[in-house]
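Worksheet: the structure to be examined is printed underneath.
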Amino acid sequence: GIISIAEDITKKRAIHNKVLKDKQFLKQAQKLSEVFNIEISLESQKVKLDKEFVTLSGLDNSFKNYTPKYLLAHLIHPPDRLKLIRTFFLAVKSNVKLAGDIRVVFRNGTIRWINILADLFVDELSHKKSLLGTFIDITDRKNELLQLKEQKGKLDLAVSITQLGFLILDIKTNTVEVSGNTQKIFDLNKSKTVFSFKELISRVHPEDQSKVEKAIKFAIENRPTYPITHRLLLPDRTIIWVNAR
């Protein structure tokens, strides 16, 4: 005859299906957000990369695992290699996150920026150590930041040459943020960059304060670009003329 046992695996099956579903969601999320997984074994010195990234970058896809040496030579932009090595050894030695922005070079010559974030992981059974994490393509965001930095550098240079001062009035808090040249023009405290509007208006010549306040109120209510020429009365009683716009 036949002797058999039966087991109700409904719950196990539901868990199994949920795991498969979650994996599918994760895979789709990775595709949409361009987030890729990375695993660096500290025992075997092997690196696992997502197949999607391997295809995208043009790396030799005949390897299941890559060596750090291979990736440094064939993927990492030369100026960023030393930076990555230092970050890697710091993460391993001090048990901190491996985190940073580095450039990678695809086989077609395209240079992309990626942000990498990984933590040290110790397998409970084998006690083998590895760095597990993700990296994401941040090229567009990085390029925008670099352009902003370049533009700010040009603006700072122009401001320095023309000796213009900038003021930003926060209408809600009634505070004013000033640039370095404004500190000089108004003879303000050099250790501060934010002042109350009352402090700043106190530097305006008493006979011109009403005119300046009316001009600011008119600008807030009607949104025009307004020019106004007025006097400053500095703490040493020096009077200077300024043109504000």
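The values are calculated or read from the model by the stated rules, or taken from the named source; none is laboratory data. This one's a predicted model, so the numbers in the text were calculated from it and none came from an experiment. Counting neighbours? That spans all protein chains shown, and the Cβs are built from the backbone with ideal geometry, glycine included. What goes into the accessible areas is simple: the full protein's heavy atoms, side chains included, and nothing from ligands, DNA or RNA. Shrake-Rupley method; radii C 1.70, N 1.55, O 1.52, S 1.80 Å.
Restricting the range 54-83 to residues that are touching a residue at least 24 places away in the same chain (Cβ under 8 Å), in a helix (DSSP H, G or I) and open to solvent by less than 50 Å² (accessible area, probe 1.4 Å), which is nearest to Lys142 (Cα to Cα)? Restricting to residues being touching a residue at least 24 places away in the same chain (Cβ under 8 Å), in a helix (DSSP H, G or I) and open to solvent by less than 50 Å² (accessible area, probe 1.4 Å), the top hit is Ser57. Only one of the listed residues (Val47, Val92) is among the β-branched types (Val, Ile, Thr), within 22 Å of Phe121 (Cβ to Cβ) and out of contact with any strand residue (DSSP E or B) (no Cβ under 6 Å at 6 or more places or on another chain). That residue is Val92. Once the range 32-53 is narrowed to residues that are more than 19 Å from Arg107 (Cβ to Cβ) and under 27 Å from the mean Cα position of the chain (by Cα), the residue that is least open to solvent (accessible area, probe 1.4 Å) is Ile40.
Can you tell me which residues in the range 169-178 are under 22 Å from Trp241 (Cβ atoms) and either open to solvent by 30 Å² or more (accessible area, probe 1.4 Å) or in contact with a helix residue (DSSP H, G or I) (Cβ under 7 Å, 6 or more places away or on another chain) (or both)? The answer is Leu169, Val176.
The number of residues in the range 185-199 that are at pLDDT below 90 and under 21 Å from Val212 (Cα atoms) comes to 0. Apart from one condition, Phe89 fits all of (1) farther than 18 Å from Glu52 by Cβ; (2) aromatic (Phe, Trp, Tyr); (3) part of a strand (DSSP E or B); the exception is (3).
Would you confirm whether or not the range 86-96 contains a residue that is in contact (Cβ under 8 Å) with a residue 40 or more places away in the chain and either closer than 18 Å to Thr139 by Cβ or touching a His at 6+ places or on another chain (Cβ under 9 Å) (or both)? No. If you go through the range 98-146 and keep only what is in contact with a helix residue (DSSP H, G or I) (Cβ under 8 Å, 6 or more places away or on another chain) and free of Cβ contacts under 8 Å to residues at least 24 places away in the same chain, you end up with Ala99, Gly100.
Taking Thr110 as the residue in question, decide whether it is hydroxyl-bearing (Ser, Thr, Tyr), within 30 Å of Ile220 (Cβ to Cβ) and exposed (fewer than 14 other Cβ atoms within 10 Å of the Cβ). No, not satisfied.
Among the residues making up the range 84-107, a single one is surrounded by 15 or more Cβ atoms within 10 Å (Cβ to Cβ) and of a type in the set (Ser, Thr, Tyr): Thr87. The set of residues in the range 192-244 being acidic (Asp, Glu) and open to solvent by less than 30 Å² (accessible area, probe 1.4 Å) consists of Asp208 alone. Starting from residues that are assigned to a helix (DSSP H, G or I) and of a type in the set (A, V, I, L, M), keep the ones in the range 133-163 and report whichever is farthest from Lys48 (Cα to Cα). Ranking the candidates gives Ile161 first.
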